There are 2 protein chains.
Amino acid sequence: MHAYEKVRAEMLRRITSQVWPQGMTLPHEEVLADEFGVARGTMRRAMADLTERGLIERKRKAGTKVAARRAHSSTLNIPIVRVEITDSGAQYSYKLLSRVLGGPELDATGRFGRSKLLHVRSIHLADGRPYQLEDRLISLDAVPQADAQDFNEISPNEWLVEKVPYSAVRTILRAESADEMQAKHLKLGHGDPVFVIERQTQLDDLPVTLVKMTHPAASFSIATQTSQFR
Amino acid sequence: MHAYEKVRAEMLRRITSQVWPQGMTLPHEEVLADEFGVARGTMRRAMADLTERGLIERKRKAGTKVAARRAHSSTLNIPIVRVEITDSGAQYSYKLLSRVLGGPELDATGRFGRSKLLHVRSIHLADGRPYQLEDRLISLDAVPQADAQDFNEISPNEWLVEKVPYSAVRTILRAESADEMQAKHLKLGHGDPVFVIERQTQLDDLPVTLVKMTHPAASFSIATQTSQFR
DNA sequence: AAGTGGTCTAGACCACCGC
DNA sequence: CGGTGGTCTAGACCACTTG
């Protein structure tokens, strides 16, 4: 165990055991570095980790305080759907439903400006059962190569993640009841609950793709695990 | 803009523009530090950021490679429900539904061992409309003080987040259709979709609390925004 | 204005792990 | 074994922010 890990662990202990209660101002970096017998740089490394996890808050001149807990945060990981399925041990398959070149009329949200769009709908199956319905708009301004891709063999999800760089991602998670089309392709009853992930990807303010991924609620959930520095 | 930010930005540019394509092995730290005219430590700071975001992968002896994109990851932030509501500009209110001291029969999952449990059900409202149904088990082994708290004025959510330390959190997100009790308290029709967040908190292998938070799907979603280093 | 955290450097040494 | 990334130090200087 490295020095910064020992320091971090001891600081964490003092915080969770409330030896350092919420809101308390900690001694200065240098004082603590001295107490733990490490260099200031090592001390800072430990404190940087704690800052990142939201356990302490640091401000110049004001000092370092034990943070007030106001939220739980964790890392959400959404893998390529093929990987997600094969990792679970199931057989992956994919089917293209439609591929339509379109104009602004598809752009319900207006987020793509005047770009020509490719509208691709497809379905991902696990052991032959519907797993995810993928409904995607691709900006041909941002991704002209998509025009030459028929998406019969490779899904837009996988193709884009591998080929196209992005600089920002916005993700929305929500529950819905299946509309007629969703119900049909996911083999659900009309009105059954579905879990929807919507994601918009940008490359420097240029919208790249907008995707709506719909899962049957009964067989889908997302888990995150946060353990404090193991 | 600091030196490490400039270096990081330039490296990011080379990766997204595929000057450094996926899978490529980068020059050594020292060589790059030299090229960018910074100390090795500064170079490492930039590369550490890129590693953390999953853009490069580093291994001793093997070197540094541009990572293959296999997932989108982002940070999920779940605030205290009161804060969530007031931040949206709505009026927050809270009502305790039931508070039952119980034994193992409540422990459907067996995750709490033989601990005595407190079972608290409550509802959080935004502008008088049902926002979240909170159904919670609290381990009195881990949190004996909960026995003395009646939860009439303060919700278990807020009380626990503020008072009780934890070391690990497991979160599950999913969609469901409302059962009878959920529908009644959330003023939904039977079978309407709901968004469920389930969270279990531990303090060093000792289970602290297990909570199921249920939201009407129509008025709830979770958003995350990841921009690559602004 | 001054105290605090933040950045940067130059260099030594460590430890994992692929060749 | 040796090359790579990883840790640690000691010290200088910077810049934000609040009392």
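The numbers here are math on the coordinates, done by the rules we state, and not lab data. These numbers come from a predicted model, not from an experiment. No Cβ is skipped: glycine too gets one built from the backbone with ideal geometry, and neighbour counts run over all protein chains shown.
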Residue order, fewest to most beta carbons within 10 Å, for A:H185, A:H119, B:H2
B:H2, A:H119, A:H185
I need B:S219, B:S167, A:S73, A:S227 ordered by Cβ neighbour count within 10 Å, fewest first.
A:S227, B:S219, A:S73, B:S167
Would you mind working out the magnitude of the charge dipole of the stretch B:76-230 relative to its Cα centre, with +1 at each Lys and Arg C-beta and -1 at each Asp and Glu C-beta, to the nearest 20 Debye?
160 debye
For the stretch A:131-185 the GluC sites (Glu not before Pro) that pass both the DSSP coil test and the at-most-14 other-Cβ-within-10 Å test are A:E153
Could you line up B:M11, B:M1 from fewest to most neighbouring Cβ atoms inside 10 Å?
B:M1, B:M11
Give the long-range amide H neighbours of B:A178: residues separated by 5 or more places, or on another chain, with amide H under 5 Å away, using H modelled in the peptide plane at 1.01 Å from N.
B:G191, B:D192, B:V194
Quick one: length gained pulling A:K95 to A:A48 fully straight, 0.36 nm per residue minus the C-alpha distance?
12.3 nm
Distance in nm between B:Q18 and B:T86 label points, each 7 Å along Cα→Cβ, equals 5.1 nm
Starting from the Cα gyration tensor of the protein assembly as shown, take the square roots of the eigenvalues, sort them a ≥ b ≥ c, and report rounded, prolate or oblate (rounded when a/c is under 1.5, otherwise prolate if a/b is larger than b/c, else oblate).
oblate
The long-range amide H neighbours of A:L97, using H built 1.01 Å from N in the peptide plane and a cut-off of under 5 Å, are A:R121, A:S122, A:I123
Compute the signed sum of charges (Lys and Arg +1, Asp and Glu -1) over the other residues within less than 11 Å, Cβ to Cβ, of B:I123.
+3
Say a paramagnetic label sat at a point 7 Å from the Cα of A:A3, along Cα to Cβ; which residues of the stretch A:23-41 have their backbone N under 16 Å from it?
A:29-41
Could you work out [θ]222 nm for the protein assembly as shown from helices alone, using -39500 (n - 2.57) per DSSP H run of at least four and dividing by all its residues? Round to the nearest 500 deg cm²/dmol.
-7000 deg cm²/dmol
How tilted is helix B:3-16 with respect to the longest principal axis of chain B? Cα atoms for both, answer in degrees (0 to 90, nearest 10).
90 degrees
If you take the charge dipole of chain B about its Cα centre, with +1 on Lys and Arg Cβ and -1 on Asp and Glu Cβ, which of B:A142, B:A67, B:Y131 is farthest toward its positive end?
B:A67
Roughly speaking, what is the centre-to-centre gap between the stretch A:176-230 and the stretch B:24-50 when only Cα atoms are used, to the nearest Å?
38 Å
Compute the helix-to-body angle for B:40-52: its Cα long axis versus the longest principal axis of chain B, expressed 0 to 90° and rounded to tens.
40 degrees
Where nothing but the Cβ of Lys and Arg (+1) and of Asp and Glu (-1) is charged, how large is the charge dipole of the stretch A:3-66 around its Cα centre, in debye to the nearest 20?
220 debye
In nm, spacing of pseudo-spin labels at B:A62 and B:E29 (7 Å Cα→C-beta vector)
1.8 nm
Provide the net charge surrounding A:T171, with neighbours chosen by a C-beta distance below 12 Å and charges set as Lys +1, Arg +1, Asp -1, Glu -1.
+3
Quote the charge dipole size of the protein assembly as shown about the Cα centre in Debye, to the nearest 20; the model charges only the Cβ of Lys and Arg (+1) and of Asp and Glu (-1).
940 debye
Those lysines that a straight Cα-Cα span of less than 23 Å connects to A:K212, excepting residues fewer than 8 apart in one chain:
A:K95, A:K116, A:K163, A:K184, A:K187
The farthest towards the positive end of the charge dipole of chain A, of the residues A:L101, A:V38, A:P207, given +1 on Cβ of Lys and Arg and -1 on Cβ of Asp and Glu, is A:V38
Chain B - Kirkwood radius from inverse mean 1/r over Cα pairs (Å):
21.2 Å
